[in-house]
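Contents: one structure, followed by commentary.
The values are calculated or read from the model by the stated rules, or taken from the named source; none is laboratory data. What you are looking at is a predicted structure, and each value in this text was computed from that prediction instead of being measured. So basically every Cβ, Gly included, is an ideal-geometry build from the backbone, and we count neighbours across all protein chains shown. The area values use the complete protein model at the heavy-atom level, side chains included, leaving out ligands, DNA and RNA. Shrake-Rupley method; radii C 1.70, N 1.55, O 1.52, S 1.80 Å.
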There are 2 protein chains.
Amino acid sequence: MGIRKNIKTKTIDQASEPTLKRLPVYILHLQELESKGAQYVSAPAMASVLEFDSTQIVKDLSVTGIKGKPKVGYNVTELRQTIEEYLGFNKKNEAFLVGAGKLGQALLSYHELQGFGIKIIAAFDVDEDKIDTQYGNTPILHIEKLGALAERLEVNIGILTTPNSVAQSTAEAMVKSGIKAIWNLTPIKLKLPNNIIVQDTSMYANVAVLLKKHHSSEKGESN
Amino acid sequence: MGIRKNIKTKTIDQASEPTLKRLPVYILHLQELESKGAQYVSAPAMASVLEFDSTQIVKDLSVTGIKGKPKVGYNVTELRQTIEEYLGFNKKNEAFLVGAGKLGQALLSYHELQGFGIKIIAAFDVDEDKIDTQYGNTPILHIEKLGALAERLEVNIGILTTPNSVAQSTAEAMVKSGIKAIWNLTPIKLKLPNNIIVQDTSMYANVAVLLKKHHSSEKGESN
DNA sequence: TCTAAATAAAGATTTTATTCTTTATTACTT
DNA sequence: AAGTAATAAAGAATAAAATCTTTATTTAGA
């Protein structure tokens with residue numbers, strides 16, 4: 001019969017940021033497998049397709065608490081659902097978008113985001129031409145209404161796509177309105193209270209890495 | 001007189017990716033300082049504004065080869081120019097954008113990118129309604145013309161903003177056309193030859209990190 | 001001209017993430 | 001039913017990055 005360990009592994013949480021960023025990649029891959037009718041998938045099989053290290057995949061997936069079976073792998077659908085649940089993609093993540101410029105409009109059109117947890121229910125701006133119009137199905141409102149609406153609708157996720165010059169002040173207004181988590185798509189480093197979650201997605205940062213690597217490789221450096 | 005060390009520090013290159021991503025933040029901050037007429041700035045002064053560690057700033061800046069003066073700091077304009085030069089922002093980085101959907105259009109409108117090194121000179125799509133029109137000042141062409149044009153204009157930077165389903169095949173076509181560096185804004189993990197530089201900017205990855213941190217903090221976890 | 005304060009720069013330490021190695025489990029095969 | 005091959009899971013080692021510490025430089029002020 002053997003000895004059964006009774007020690008519960010309880011370090012379920014606290015996944016690293018690189019791990020969190022890889023999890024959506026797994027979801028997309030699993031969705032593709034599902035569409036092909038696959039029932040099970042092993043970590044090495046995923047590794048060869050995604051070109052990750054297979055033990056890293058096992059580690060990444062383990063943060064969700066899911067268990068795979070040796071010789072079989074993971075149940076594809078169960079795995080996808082478990083990751084989605086872990087990331088909170090299946091929760092009602094309603095968000096406000098502030099700054100309805102080009103980038104903001106792109107995100108308003110980017111309906112795939114809904115499948116990945118975020119639903120933008122209103123946008124805010126100061127441009128009178130945009131205010132009280134709709135973009136897609138999303139109303140664009142004057143930014144003054146942010147506070148009252150955030151409270152009434154209990155929205156606490158904000159997406160920041162304003163011009164750089166007003167990014168900091170707008171973010172502060174969002175916090176004052178009860179926004180707890182901000183997805184910052186401006187390149188500005190926001191200074192906000194510690195309890196506010198800020199996720200930066202700077203186009204500039206990515207351009208910088210791309211160009212430097214590109215120019216370095218042109219000069220024949222060893223990558 | 002003292003002993004003057006004659007050993008040249010030659011590890012000028014090979015900045016880490018986190019460092020490369022911070023460099024544009026410094027540029028933005030320096031631009032602001034310049035607009036206020038500041039002549040010099042010290043690493044600790046920048047640190048207090050940007051909320052970075054000051055020694056990290058010194059380390060980051062040192063990859064460009066610039067030297068600061070004790071008690072004075074760095075010359076603001078010289079520092080900005082040196083970083084821009086290091087990242088290749090002042091070079092002629094002409095790029096093609098492939099996939100003129102919403103996200104692609106947002107980038108076409110995002111003229112600030114020019115100040116950060118990237119100039120999109122043409123966009124490509126398969127949608128007949130878009131082909132041979134212009135978006136802003138940028139022509140949208142049929143994707144079949146990519147190869148010939150890339151060769152003629154010697155463009156080797158590509159921006160990928162297609163639907164996920166065609167991301168891989170489009171990327172392969174770009175590589176065949178002579179594109180050497182791809183800024184991948186799809187969430188797909190591209191499988192391309194090793195000599196091709198790929199920089200991923202996945203919205204999903206960032207949403208994943210944001211939501212997980214948000215939900216974890218709601219549950220009262222220690223950040 | 002000398003002293004002291006400020007700061008850059010280099011080195012060491014700590015932390016974090018990835019990769020490698022070992023162990024144990026499970027299903028398939030004979 | 002037993003052995004074997006495949007694989008997950010846990011742990012160890014390695015690599016990388018951030019932070020901390022020390023040293024040396026230099027300019028401003030006495």
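Keeping every protein chain present and rolling a 1.4 Å probe, give me the accessible area per residue for the protein assembly as shown in Å².
Numbers: 23190 Å² over 446 residues.
With all protein chains present, the protein assembly as shown gives 52 Å² per residue.
How much accessible area is lost when chains B and A come together, counting both sides, with a 1.4 Å probe, in Å² rounded to the nearest 100? Intermediate results must be reported in sequence, preceding the final value.
Details: alone 14610 and 14620 Å², together 23190 Å².
Roughly 6000 Å² of accessible surface disappears when B and A pair.
Under a crude label model (7 Å from the Cα following the beta-carbon direction), how far is A:Lys119 from A:Asn195 in nanometres?
Those two pseudo-labels are separated by 2.7 nm.
How tilted is helix A:17-35 with respect to the longest principal axis of chain A? Cα atoms for both, answer in degrees (0 to 90, nearest 10).
70 degrees
Shape verdict for the protein assembly as shown, please, from the Cα gyration tensor: rounded (a/c under 1.5), prolate (a/b greater than b/c) or oblate.
Details: a/c = 1.22, a/b = 1.22, b/c = 1.01.
The shape class here is rounded.
Counting only DSSP beta bridges with both residues in chain A, what percent are antiparallel, rounded to the nearest 5? All intermediate terms of the calculation are to be shown ahead of the outcome.
Numbers: 6 of 27 bridges.
Here the antiparallel bridges make up roughly 20 percent for chain A.
If you find the alpha carbon centre of the range B:202-218 and of the range A:175-215, how far apart are they in angstrom?
13 Å
Count the net charge of all other residues whose Cβ sits under 13 Å from the Cβ of A:Thr82, scoring Lys and Arg as +1 and Asp and Glu as -1. Please list the in-between numbers first.
Values: positive: A:Lys67, A:Arg80; negative: A:Asp60, A:Glu78, A:Glu84, A:Glu85.
Here the charged neighbours net out to -2.
Take peptide B:81-94, look around each residue's Cβ out to 10 angstrom, count Cβ atoms belonging to other protein chains, and average those counts.
3
Out of the GluC sites (Glu not before Pro) in the range A:19-93, which ones are loop residues according to DSSP with at most 14 other C-beta atoms within 10 Å? Mind dumping the intermediate values first?
Values: sites: A:Glu32, A:Glu34, A:Glu51, A:Glu78, A:Glu84, A:Glu85; in loops: A:Glu51.
Passing both the DSSP loop test and the Cβ count: A:Glu51.
Once neighbouring chains are kept in place and the probe is 1.4 Å, which whole percent of the accessible area of the range B:1-155 is contributed by carbon and sulfur? Before the final figure, lay out the partial values.
Values: 4570 of 9050 Å².
Accessible surface attributable to carbon and sulfur in the range B:1-155 totals 51 percent.
I'd like the orientation of helix B:203-218 relative to chain B: the angle between its Cα long axis and the longest Cα principal axis, in ° from 0 to 90, rounded to 10.
60 degrees
If you average the alpha carbon positions of the range B:78-144 and of the range B:24-75, how far apart do those two centres end up, in angstrom?
A separation of 29 Å, based on Cα centres.
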